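To keep things clear, I will list the structure first and then write my remarks on it.
Since every read-out is calculated from the coordinates, none of them should be taken as a lab result. Quick caveat: nothing in here was measured; it's all calculated off a predicted structure. Cβ placement follows ideal geometry from the backbone for every residue including glycine, while neighbour counts extend to all protein chains displayed.
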DNA sequence: CCCGTTCAATACGGTTGTGTATCCAATACA
DNA sequence: TGTATTGGATACACAACCGTATTGAACGGG
């Protein structure tokens, strides 16, 4: 056993992990507090000892996953910036490897997005997170373009927004029709054209 | 009053309309049968006289909105194919004008997509609808390219998939940050580049 | 005008989910 | 080792929602 100093954080973590899975499976409203507790191996007593309500858990889960994601990115950035390959390989690689489970991530991510579209307070939080995410990508783009002596005729922020839009739109199609649209196919066939059109030596 | 032959279809219609609104506001699971009935001005008795369950209503609503959308498109196609402007204006115009309320459409459309990602039966239905939708767009692309003597170096189906991906991804960003990303901005700045790159005279 | 049918309203029972209050075990500390 | 505290389990009260059974009113046909 780990030094059993305070088990509180451990149960919180397990509850959050359980919530992540259950939310992915049944959606935010479709998952009951009991479902989450069952998945985590606790009873509702443990839940209400750690969170005030399901909404509060959702907020905490959003923060936790957000932090995790940004950490992952920070860890991956140096590798991708320096080592091999083209700019698009780096950017798309970052998008792919930032989240381990594409399907689960897409499910809860869109769930959060829908939630944000309905609750302005959640929207500001989500927008902040997405802004930081875009900033990371923008940094990557800027570093690689400078290193390889490229000039973009379009602000990198705009380009990053496009990449994200394509990535998210394409991911939806890939998840709906896995064999008709292999993951990454749309990105890899069309984004090079865009990049080519907006980059000058 | 209209010939009061059978009021059944009228209440069904009002229930469906109410469901559309309430689903957009609170999501599929978040909306109770009573919510829908309240919105439509009925009681649950009317509901269960017309539908067997909420799931059944969802299916019916999906079919109704789907049919409506395809009708709209069929009506708009001739205009866009012949009259003015460029290919992208036609395609993007179709995407924009097919749905009257972009926000509501995006909300319930995403809701359906999530539902489909979790329920394979729903996925096949959704994929069929999306295939028909893409076919319409593909027809439009083919007609305009032929009429203007263009040749695409990429199958039009692929191009249509890209346009849809960009459109959906961009729409999410526009709805989250309306003033940072005006509707249609990403599409109109980047898609011309793609089209230019894949079209030959 | 009367009778049968249709369809929505009302009334009811049962289930599910939430939140709180209480209990009990394990750990920390003296 | 005894005691206090922490944290999760159990028990309970209550509200929301669902689905059905029954009622009653409007309409349609004769």
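Just a few scattered comments:
- Computed from the alpha carbon atoms alone, the convex hull of the protein assembly as shown holds 175 Å³ per residue.
- Share of pairwise Cα separations in segment B:118-158, more than 14 Å, in percent: 58 percent
- Full-extension gain in nm, residue B:200 to residue B:75, via 0.36 nm per residue minus C-alpha separation: 42.0 nm
- Across identical copies of the chain, residue A:63 has label-point separations of 4.7 nm, listed in ascending order, with the point defined 7 angstrom from Cα along Cα→Cβ.
- Shielding by partners, peptide B:111-119 (average Cβ within 10 angstrom, other chains): 4
- GNM result for chain A, Cα springs below 10 Å: residue of A:140, A:61, A:114 fluctuating most strongly: A:114
- Computed from Cα positions, the angle between helix A:120-147 and the longest principal axis of chain A comes to roughly 40 degrees.
- Across the identical copies, the label point of residue A:177 (7 Å from Cα in the Cβ direction) is separated from its matches by 3.1 nm, in order from shortest.
- Three-way shape label, segment B:98-201, alpha-carbon gyration tensor, a/c 1.5: oblate
- Measuring max minus min along each principal axis, the C-alpha atoms of segment B:1-88 give extents of 51, 36, 19 Å (largest first).
- If R0 is taken as 51 Å, the Cβ-Cβ distance between residue A:177 and residue A:8 corresponds to a FRET efficiency of 0.70.
- Shielding of peptide B:173-185 by partners, expressed as the average count of other chain Cβ atoms within 10 Å per residue Cβ, is 3.
- Cβ crowding within 10 Å averaged over residues, with A:98-105, A:12-19 ranked highest first: A:12-19, A:98-105
- Length-normalised contact order of chain B in % [C-alpha pairs under 8 Å, at least 6 apart]: 16 percent
- Inter-chain shielding of A:158-165 (mean C-beta neighbours from other protein chains, 10 Å cut-off): 6
- For segment A:70-109, the Kirkwood radius over C-alpha pairs fed into Stokes-Einstein at 10 °C and 1.306 mPa s yields D = 148 µm² per second.
- The length gained on full extension between residue A:131 and residue A:146, counted as 0.36 nm times the residue separation minus their Cα-Cα distance, comes to 3.2 nm.
- For segment A:39-132, the convex hull drawn through the C-alpha positions has a volume of 122 cubic angstrom per residue.
- With Cα atoms, 0 to 90° folded angle of helix B:8-26 axis to chain B main axis: 70 degrees
- Each other copy holds its own label point for residue B:121; taking that point as 7 Å from Cα along Cα to Cβ, the gaps run 3.8 nm, nearest first.
- In plain terms, the bigger the Kirkwood radius, the slower the diffusion; for chain A, with that radius from Cα pairs, at 37 °C and 0.692 mPa s, Stokes-Einstein puts D at 175 µm²/s.
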